[in-house]
Amino acid sequence: MENFTFYSPTYFAFGKEQECNCGKLVKRFGGSKVLIHFGGGSVVRSGLLDRVKKSLDEEGISYIELGGVKPNPRSGLVYEGIDLCRKNDVDFVLAVGGGSVIDSSKAIAAGTVYDGDFWDFYEGKPVTKALPVATVLTISAAGSEGSPDSVITKEEGMLKRGASGEAYRPKFSILNPALTKTLPAYQTACGITDIMAHLYERYLTNTKDVEVTDRMIEALLLTMIKEGPIAVADSDDYESRANIMWAGMVAHNNCCGVGRSQDWTSHTIEHELSALYDCAHGAGLAVTMPAVFKYNVDHDVMRFAKVAVRVWGCQMDYDNPKATALAGIDALSKFLSSIGMPKNFEELGAKEEDIEKLAYTCCYGDGSGSGVIGGFVPLKQKDVEEIYKLML
């Protein structure tokens, strides 16, 4: 295990009707003029936005609103939010929604107090300062409610990139599993896939002797395998949604990733798909992960075999451990398919003729990239092209 530091100060309010405490929590964490940032009509139709505003009114906290966040959140709305915050002396950003809303809120929070272009943070500049951010979570998926991370799509060139910094960790996050009951089964399944991807990205490590975090990751994967199909089949099952919601946070606040190298190849490759085709991130990961794993399996057959046995219940073949490893990858693919996720390029709406472009942008971005991606296996453009071909 490698040396590490870990500090995760987010205050979590978990359970039914916790959104009604939003105003008290904003006041507790120093907010006096709030930007409420949200997506489309669901938070309005459900009455959630009204409940949040009522809780702020009860505490005498003023606010302005900015809706319109789309999946794969765009840079244009971030610039609009930054301008709005500066003109109205906003001192606190409250995200009401899922990962896209939270990521957009984080970008606005950092950009408001920065003299340059907020996109600098998404090209590698560390995020060291931002307005306080808090969340009212409506989708279990991205884990952004407890993480120091954010992903934004730059409309010029459709580049989807991430930024990170402790200033991005929410001051508080309200997690009411009942708020996810209105999600369509497809969105629930996309969230489950994203959570599992966050776990696999940490499991695929070159660091030796990390049994504690291995076991934590395996337990969370087993939880998703058990609870995921229940939540997809029955939107009213509160307990399954509660388990998934907390698993989503734990999967991505990095308590499962400390002391070990991590991969993030699947996410990097998928970002090009959701940026170009605007597919759901989880759906793209469902197609990307098995292809990446099959391409990289020979790098450490026993690591893939280990998760196959411990999580997927595969029988270990000591004479041919690669067969066990591949059986585990196949089991993952079948599980994702069983909850309604796509299996190939065609189902994503992706095109074979775009593979060279996708791979180039993945490795080089707008020309400033290093040409190599991956923390488990270093991959170049030709490698990435071959992985995309495995998705056809």
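Straight Cα distances below 24 angstrom link LYS53 to the lysines LYS16, LYS24, LYS27, LYS33, LYS70, LYS87, LYS106, LYS171, LYS181, with same-chain residues fewer than 8 positions distant left out. Would you compute, from DSSP H runs of 4+ residues alone, the mean residue ellipticity of the chain at 222 nm, taking -39500 (n - 2.57) per run and dividing by the full residue count, rounded to the nearest 500? That calculation yields -15000 deg cm²/dmol at 222 nm. Extension gain, TYR238-ASP89: 0.36 nm per intervening residue step, less the Cα-Cα distance, totals 49.7 nm. Accessible-area rank, largest first, for LEU390, LEU94: LEU390, LEU94, with all protein chains present and a 1.4 angstrom probe. Phi-derived couplings, Karplus 6.51 cos²θ - 1.76 cosθ + 1.60 at θ = phi - 60°, listed residue by residue for the stretch 36-44: 8, 10, 8, x, x, x, 5, 6, 7 Hz, with x used for Gly and Pro. A dipole drawn for the chain from +1 and -1 charges on Cβ atoms has a positive end, and of TYR7, SER100, ALA197 the residue lying farthest that way is TYR7.
Ligands, DNA and RNA aside, ILE195 has an accessible area near 0 Å² when probed at 1.4 Å. Around ALA197, with a cut-off of 12 angstrom between Cβ atoms, what is the net charge of the other residues, counting Lys and Arg +1 and Asp and Glu -1? Local charge sum for ALA197: -3. Charge dipole (Cα centre; +1 on Lys/Arg Cβ, -1 on Asp/Glu Cβ; no other charges) of the stretch 310-392 amounts to roughly 260 debye. Overall, the stretch 149-270 carries a charge dipole of about 280 debye about its Cα centre when +1 sits on the Cβ of Lys and Arg and -1 on the Cβ of Asp and Glu, all other atoms neutral. Rolling a 1.4 Å probe over the protein heavy atoms leaves CYS362 with an accessible area of roughly 10 Å².
Restricting the stretch 9-70 to GluC sites (Glu not before Pro) that sit in a DSSP loop and have at most 13 other Cβ atoms within 10 Å of their own Cβ leaves GLU17.
Available extension along the chain between ASP298 and TYR7 is 101.3 nm, counting 0.36 nm per residue and deducting the alpha carbon span.
Projecting the Cα atoms of CYS362, ALA286, LEU183 onto the charge dipole of the chain, computed from C-beta unit charges around the Cα centre, puts LEU183 farthest toward the positive end. Mind checking the stretch 315-392 for GluC sites (Glu not before Pro) that DSSP puts in a loop (not H, G, I, E or B) and that have at most 14 other Cβ atoms within 10 Å? Listed in order of number, the matching sites amount to none.
Among ASN254, ASN320, ASN21, the residue with the largest mean-square fluctuation in a Gaussian network model of the chain, with springs joining Cα atoms closer than 10 Å, is ASN320. Between ALA275, VAL78, GLY23, the Cα set farthest toward the positive side of the dipole of the chain (charges on each charged residue's Cβ, about the Cα centre) is that of GLY23. For GLU211 and LYS322, the difference between the fully extended length at 0.36 nm per residue and the C-alpha to C-alpha distance is 37.8 nm.
With a 1.4 Å probe rolled over the protein heavy atoms of all chains, the accessible area of SER46, SER8 falls in the order SER46, SER8, largest first. Put simply, the amide H of PHE14, placed in the peptide plane, has neighbours under 5 Å in LEU175, leaving out anything fewer than 5 places away on its chain. Near LEU392, the amide H atoms lying under 5 Å from its own belong to PHE345; only residues 5 or more places off or on other chains count, and H is placed 1.01 Å from N. For the chain, a Gaussian network of Cα nodes joined below 10 Å ranks LEU131, LEU66, LEU25 by mean-square fluctuation, and the top entry is LEU66. Identify all lysines with a Cα-Cα distance to LYS382 below 18 Å; exclude those on the same chain that are fewer than 8 residues away in sequence. Partners within reach: LYS294, LYS351, LYS357. Among VAL258, VAL127, VAL44, the largest mean-square fluctuation in a Gaussian network model of the chain (Cα springs under 10 Å) belongs to VAL44.
Note on the chain: with charges restricted to the Cβ of Lys and Arg (+1) and Asp and Glu (-1), its dipole about the Cα centre is near 780 debye.
Charge tally for LEU222 (other residues, Cβ to Cβ under 12 Å; Lys, Arg +1; Asp, Glu -1): +1. Placing ASP366, ASP263, ASP354 in order of accessible area, with the largest value first and a 1.4 Å probe, yields ASP366, ASP354, ASP263.
In the set (1) 4, 19, 25, 22, 13, 10, 5, 1, 0; (2) 5, 20, 28, 27, 16, 4, 0; (3) 5, 24, 34, 26, 10, 2, 0, the label that goes with P(r) over Cα pairs in 10 Å bins from 0, in percent computed for this structure is (3). For the pair the stretch 70-101 and the stretch 207-271, the centres of their Cα atoms are 27 angstrom apart. Net charge in the neighbourhood of LYS87 (other residues with Cβ under 15 Å of its Cβ; Lys, Arg +1, Asp, Glu -1) is -3.
For the chain, with all protein chains in place and a probe radius of 1.4 Å, 50% of the accessible heavy-atom surface sits on carbon or sulfur.
Distance from the C-alpha centroid of the stretch 328-392 to that of the stretch 107-147: 26 Å, rounded to the whole angstrom. The trypsin sites (Lys or Arg not before Pro) of the stretch 313-389 that DSSP puts in a loop, and whose beta carbon has at most 15 other beta carbons within 10 Å, are LYS343, LYS351, LYS380. Summed over the residues of the chain and divided among them, the accessible surface reaches 40 Å² per residue at a probe radius of 1.4 Å.
The values are calculated or read from the model by the stated rules, or taken from the named source; none is laboratory data. A quick note: this is a predicted structure, and the numbers were derived from the prediction, not measured. Positions of Cβ are generated from backbone atoms using ideal geometry, with glycine treated the same way; all protein chains shown enter the neighbour counts. The area values use the complete protein model at the heavy-atom level, side chains included, leaving out ligands, DNA and RNA. Shrake-Rupley method; radii C 1.70, N 1.55, O 1.52, S 1.80 Å.
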